[in-house]
Amino acid sequence: MYAIVDIAGQQFKVEAGMEIFVQRLAAKKGEDVEFDKVLLVDADGAVKVGSPYVDGTVVKATVLDDTCRAKKVLVFKKKRRKGYQKLTGHRQNLTKIQIKEIA
């Protein structure tokens, strides 16, 4: 059984027991969170597609870590023949969650 759920503006294909990284949530470590924006549910071949969301379906998860950071993305700017070079980096803040069940 899997579901496609909208979490913080991004769509994820989730199953029970799966651990995923999502954009920073306003939840602390160990808290339970619920996501009700479920777009599709597949229960052993019986597919339910929402318009836009499937009614009565909730994905329950637990926050494992709320201080994760993604890999560094380097941004390099250069203007040729001008001697201008600039290198900056960015690390996105993430939250690690574990999917408990799709109810």
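Just the accessible area per residue of the chain, please: how many Å² with a 1.4 Å probe? Could the numbers behind the result be given before it?
Working: 7200 Å² over 103 residues.
Normalised by residue count, the accessible surface of the chain is 70 Å².
Quote the FRET efficiency, to the nearest 0.05, computed for Lys71 versus Asp42 with a Förster distance R0 of 22 Å and r equal to the Cβ-Cβ distance. Please list the in-between numbers first.
Working: r = 31 Å, r/R0 = 1.42.
Rounded to the nearest 0.05, the efficiency is 0.10.
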Next item on the list: Only one of the values (1) 31, 18, 11; (2) 33, 14, 11; (3) 36, 17, 10 was calculated from this structure for semi-axes √(5λ) of the Cα gyration tensor in Å; name its label.
Entry: (3)
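About its Cα centre, how strong a charge dipole does the chain have in debye, to the nearest 20, once Lys and Arg get +1 and Asp and Glu get -1 at the Cβ?
Computed charge dipole of the chain: roughly 1800 debye.
Given R₀ = 35 Å, FRET efficiency for Val58-Leu87 by Cβ-Cβ distance, to 0.05?
Values: r = 45 Å, r/R0 = 1.27.
That gives a FRET efficiency of 0.20.
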Next item on the list: Give the residue from Val41, Ile20, Ala103 lying farthest towards the positive end of the charge dipole for the chain; charges sit on Cβ (+1 for Lys and Arg, -1 for Asp and Glu) and the dipole is referred to the Cα centre.
Entry: Ile20
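The values are calculated or read from the model by the stated rules, or taken from the named source; none is laboratory data. Being a predicted model, the structure only gives us computed values, none of them experimental. Using ideal geometry, Cβ is built from the backbone for each residue, glycine included, and neighbour counts are taken over all protein chains shown. Side chains included, ligands, DNA and RNA excluded: accessible areas come from the protein's heavy atoms. Shrake-Rupley method; radii C 1.70, N 1.55, O 1.52, S 1.80 Å.
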